[in-house]
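The values are calculated or read from the model by the stated rules, or taken from the named source; none is laboratory data. Quick caveat: nothing in here was measured; it's all calculated off a predicted structure. In this analysis, Cβ positions are derived from the backbone assuming ideal geometry, glycine residues included, and neighbour counts consider all displayed protein chains. Calculation scope for accessible area: heavy atoms of the full protein, side chains included, ligands and nucleic acids excluded. Shrake-Rupley method; radii C 1.70, N 1.55, O 1.52, S 1.80 Å.
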Amino acid sequence: MFDEVAPRYDVMNDLLSLGQTRRWRKVVLEAVDAAPGQRVLDLAAGTGTSSEPYADAGVDIVACDFSLGMLRVGKRRRPDIDFIAGDATRLPFADNSFDAVTISFGLRNVNEPKKALAEMLRVAKPGGRLVIAEFSTPTNPLWRTMYIEYLMRALPEVARRASSNPDAYVYLAESIRAWPDQDHLAAWLTEAGWTDVTYRNLSGGIVAVHRAHKAAAPAHHASEGMLPAKLRRARRSAAR
């Protein structure tokens, strides 16, 4: 499905979100806060639109996606970015490989999202950070009702007129409606082992940006036998 919509995917995203995707991506970029030389994994990167700002800033970005069609479109446009095919539940990367991991609007498309969250933890370095942007639940009841009406009525109709595969966007609407709310996703993150879990609502809760960290590696204290002789004698004297 994603292979088929790849050529017009970014155009459709802008159209269906009324241009809001650019703002949402900017918030994610600021939350990741990657410095030049750091290594960042961008999961569900699609055609690489979300990866480009990192590459432009000198960040070592890896764009990973399950759809080969998406990756081909991205590689043609940005041959300087590393595009890698991969399953989010079985990432093809070593433990402790990335300073940050991010996924935007892709977690709900993973068959086993909890398993994916555990995999993201595995490949993040100790002290590394995670940023997730995903469609969520509007906090205002009236706004929530209007949003659901848009999803189930207007979005498929716009897709039928503008997309070569409108069924894909019917799936999009249904997957958003079925996705758990902000607090449930935060609980999943904690369950997977992430710490310092927080989230920020965007556009009234249509989107939520979750942030978390991987616990830093414990400090290794030198044993008594490894301490210099003078320090060992001082410790024993103090104990007496």
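Here are the numbers:
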{"item": "Residue match in the stretch 52-64 (condition: in contact with a helix residue (DSSP H, G or I) (Cβ under 7 Å, 6 or more places away or on another chain), more than 20 Å from His213 (Cα to Cα) and not in a helix (DSSP H, G or I))", "result": "yes"}
{"item": "Count of residues meeting criterion [surrounded by fewer than 16 Cβ atoms within 10 Å (Cβ to Cβ) and modelled with pLDDT of 80 or more] in the stretch 1-26", "result": "3"}
{"item": "Residue match in the stretch 66-83 (condition: surrounded by fewer than 16 Cβ atoms within 10 Å (Cβ to Cβ), over 13 Å from Leu43 (Cβ atoms) and hydrophobic (A, V, I, L, M, F, W, C))", "result": "yes"}
{"item": "Gly58 being touching a Pro at 6+ places or on another chain (Cβ under 7 Å) and open to solvent by 40 Å² or more (accessible area, probe 1.4 Å)", "result": "yes"}
{"item": "In the stretch 191-240, residue modelled with the lowest pLDDT [restricted to those that are among the charged types (D, E, K, R) and open to solvent by less than 70 Å² (accessible area, probe 1.4 Å)]", "result": "Arg232"}
{"item": "Cβ pairs under 6 Å, 6+ apart, first in the stretch 92-105 and open to solvent by 60 Å² or more (accessible area, probe 1.4 Å), second basic (Lys, Arg)", "result": "Asp95/Arg122; Asn96/Lys125"}
